[in-house]
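Just so it is clear, none of the values below were taken in a lab; they were calculated from the coordinates. Source: prediction; values computed, not measured. Cβ sites come from the backbone with ideal geometry, for glycine too, and all protein chains shown count toward neighbours.
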Amino acid sequence: MKWTVMTLVKRASEILSERGIPSPRLDAELLMCCLLGWDNRVKIYTAYDRPLSAEEVEAYRQLIKRRVKGEPVAYITGEKEFFGFRFKVTPAVLIPRPETELLVEKSVELLKSMSKETLKIVDVGTGSGCIIISIAKLLKKDAEFFATDISRKALDVAVENAELHGCKVRFLKADLLEGVEGKFSAVVSNPPYIAYSDRRVESSVKMFEPSVALYAGKKGTEVIERLAFQSFDKLEPEGFLAVEFGEGQSEKVRDIFERAGFSTIKIFKDLSGKDRIIVGFKKE
Ligand code: GLN
């Protein structure tokens, strides 16, 4: 049988669906684009009848096989879209999640409304660098950008992404903000916030994504707690800390922020209506 782009995408999508993969059609299309070096899925519809060679069919079969085993598409293709920008990802970094776009959106809004001459922003636990790079692209203001991560391998990916997007970010290897010099106008972070015992974590996340980026400790809020206390000292007066957190943690993180000294505290919901982002302001 002679396969074309469309007939093979359809077949692969059926296979993925039979194996219980959550978004079979999208995944089949993304993997086809990866195979053919296409950067837009529209190509699948405009070049739907492009015939595939036996080698291409075999190579595609290998990609689909990896997906069937649970490997996330982003690790297979080596990239993920976030806030409309494309980021390189490897198994050393967490795959950027759509919920985290809210953290970027709120941070940019708040930064734009700040009256300071020069802003200094640090992203803690930057992973792929998606947060700080998106902020740098969206914030059309004079600012200095910094990012930390405890993992050298993650920082390598973030450096590459900053270059790819033409952003000047200073990357530092650090455990949160430990040993980081200077004061900041804003600290932003999507830290690890899953409790060790949390059974809701999907198996493909557990199997493939870096545990250092996911798990915080017994309670899940341990890293947020350390970060809140560290950040309070590192913030300029009027500065803010914006952090993403997990389901059911909203009371706990509010309490942590209060204990750390933040005065005005705001919590924002994500698109599915769940409390997701906390922002604390440091008053003089
Ligand atoms: N900042 C990165 C992201 O949001 C990585 C976060 C993490 O590793 N916990 O995708």
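Restricting to the chain, what percent of DSSP beta bridges are antiparallel, rounded to 5?
40 percent
Taking amide H as placed 1.01 Å from N in the peptide plane, the amide H of ASP123 sits under 5 Å from that of PHE146, ALA147, THR148, VAL188, each at least 5 places away or on another chain.
Considering the chain as a Gaussian network with a 10 Å cut-off on Cα pairs, which listed residue, GLY182, GLY261, GLY70, attains the greatest mean-square fluctuation? Of GLY182, GLY261, GLY70, the most mobile in the Gaussian network model is GLY182.
Helix content alone sets the calculated 222 nm mean residue ellipticity of the chain: runs of n ≥ 4 DSSP H residues at -39500 (n - 2.57) each, divided across all residues, give -12500 deg cm²/dmol.
Filter LYS140/LYS183; LYS88/LYS153; LYS183/LYS283; LYS168/LYS266; LYS106/LYS274 down to the pairs with a C-alpha to C-alpha distance above 18 Å, please. Walk me through the numbers before you get to the answer.
Working: LYS140/LYS183 21 Å; LYS88/LYS153 13 Å; LYS183/LYS283 14 Å; LYS168/LYS266 30 Å; LYS106/LYS274 15 Å.
Over 18 Å Cα-Cα: LYS140/LYS183; LYS168/LYS266.
For a test of the definition: using alpha carbon positions, the gyration tensor, and the 1.5 limit on a/c, classify the range 215-284 as rounded, prolate or oblate. It comes out oblate by the Cα gyration axes. With the biggest extent put first, the Cα atoms of the range 42-155 measure 60, 35, 20 Å across the principal axes.
Taking a quarter of the surface of the convex hull around the Cα atoms of the chain, what do you get in nm²?
It is 15.7 nm².
Taken over the alpha carbons of the range 119-193 as equal point scatterers, the Debye sum produces base-10 log I(q)/I(0) values at 0.20, 0.24 Å⁻¹ of -0.76, -1.10. For the residues VAL89, VAL124, VAL180, a GNM of the chain with alpha-carbon springs under 10 Å puts the largest fluctuation on VAL180.
Could you tell me whether the range 130-284 comes out rounded, prolate or oblate from its Cα gyration tensor? Rule is a ≥ b ≥ c as square roots of the eigenvalues, rounded for a/c under 1.5, then prolate if a/b exceeds b/c, otherwise oblate.
Values: a/c = 1.56, a/b = 1.08, b/c = 1.45.
The shape class here is oblate.
Projecting the Cα atoms of THR221, TRP3, PHE281 onto the charge dipole of the chain (Cβ charges, centred on the Cα centre) puts TRP3 farthest toward the positive pole. Packing order of peptides 184-192, 264-272, highest average first: 184-192, 264-272 (average count of other Cβ atoms within 10 Å over each peptide's residues).
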